[in-house]
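Enquirer: There's a structure below that I have some questions on.
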Amino acid sequence: MNERKIILALDVDSFEKARNLINLLYPKVRIFKIGSQLFTGCGPKIIEFIHKKGGEVFLDLKFHDIPNTVANAVFQACRLKVKMLTLHISGGKEMLEAAVKAAKEASLAIKRESPLLIGVTVLTSQESGRDEVLRLAGIGLSCGLDGVVCSAQEVRFLRGELGKDFVIVTPGIRPKQAGVDDQKRTATATQAIAAGSDFLVVGRPILEAKDPAVALAGILNE
């Protein structure tokens, strides 16, 4: 596993905390996830900082709204030059297709490759059967999404059912013997990579560590 498989979830409440983590962990981490908390707190400023540092952004806002609203949001996200962004597949086919179309239009407008559109199946904080994850993943990919978010427990199953030609992002990564917090479906980095995950999202095991750099090194060495 290399630094391009790890995504650090910047689930903190200020630009300063995020900046300090980025300065500490880049370039061991090259992709940083910005979710609702941080984006609401400081907006595109944190994206600009990551880009100036040389990193990439996974914008995890889980768009879920009427098709026109989501399409406009995706267009704006493309203008921010993010690497990846998320949408809730449960928003339905019309919404997903509108998002895919908007990403293509934005790519032409700004003359830049569009971000990876990643569909959220079932949150790792929730219990779920494989059939439901498979159903949602199938809908998302049929609408033109580039990949899905799912726990490590479903990765091998999805690869077997849907093939290998799509991206899988796996949250809920925990080191060996670590607590699961509020997550229901977790895995170690080794387990997720072995199952076939492309990107691993790690948050609290690093953010809450006494020494985040040491915690990151432990996961990378696992």
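The values are calculated or read from the model by the stated rules, or taken from the named source; none is laboratory data. Model, not experiment: these values are computed from the prediction. Virtual Cβ from ideal backbone geometry, glycine too; neighbours counted across all protein chains shown. Accessible surface areas use protein heavy atoms only, side chains included; no ligands, DNA or RNA. Shrake-Rupley method; radii C 1.70, N 1.55, O 1.52, S 1.80 Å.
Enquirer: Rounded to the nearest 10 Å², what accessible area does Cys143 show when all protein chains are kept and the probe is 1.4 Å?
Expert: Around 10 Å² of this residue is reachable by solvent.
Enquirer: 7 Å from Cα along Cα→Cβ at both Leu207 and Lys53: what's the point-to-point distance in nm?
Expert: 1.4
Enquirer: Okay, moving on. Go through [x] 16.6, 48; [y] 18.8, 69; [z] 17.5, 57 and flag the label whose value is the computed Rg and Dmax of the Cα atoms in Å for this structure.
Expert: So the structure-derived entry is [x].
Enquirer: As a test, work out the antiparallel percent of DSSP beta bridges whose residues both lie in the chain, rounded to the nearest 5. Present the calculation step by step, with values, prior to reporting the outcome.
Expert: Working: 0 of 27 bridges.
Beta bridges within the chain, antiparallel portion: roughly 0 percent.
Enquirer: Stretch Ser142-Asn68 to full length: gain in nm at 0.36 nm per residue minus the Cα-Cα span? Can you show the working numbers first?
Expert: Values: separation 74, 0.36 × 74 = 26.64 nm, distance 1.95 nm.
Difference between extended and current length: 24.7 nm.
Enquirer: Another question, then. Solvent-accessible area of Glu208, probe 1.4 Å, all protein chains present, reported in Å² to the nearest ten, please.
Expert: 130
Enquirer: Looking at this model, which pairs from Lys5/Lys210; Lys62/Lys210; Lys81/Lys104; Lys17/Lys62; Lys53/Lys111 are more than 19 angstrom apart at the alpha-carbon?
Expert: Details: Lys5/Lys210 23 Å; Lys62/Lys210 30 Å; Lys81/Lys104 13 Å; Lys17/Lys62 23 Å; Lys53/Lys111 22 Å.
From Lys5/Lys210; Lys62/Lys210; Lys81/Lys104; Lys17/Lys62; Lys53/Lys111, over 19 Å: Lys5/Lys210; Lys62/Lys210; Lys17/Lys62; Lys53/Lys111.
Enquirer: How far apart, in nm, are the 7 Å Cα→Cβ label points at Leu80 and Lys101?
Expert: Reported label-point gap for Leu80 and Lys101 is 2.4 nm.
Enquirer: How large is the Kirkwood hydrodynamic radius of the stretch 1-120, counting all unique pairs of alpha carbons, in Å?
Expert: Values: mean 1/r = 0.0687 Å⁻¹.
Result for the stretch 1-120 stands at 14.6 Å.
Enquirer: May I ask you to give the average projected area over all directions of the convex hull of the Cα atoms of the stretch 130-174, in nm² rounded to one decimal?
Expert: Details: hull surface 11.6 nm².
Hull-based average projected area comes out at 2.9 nm².
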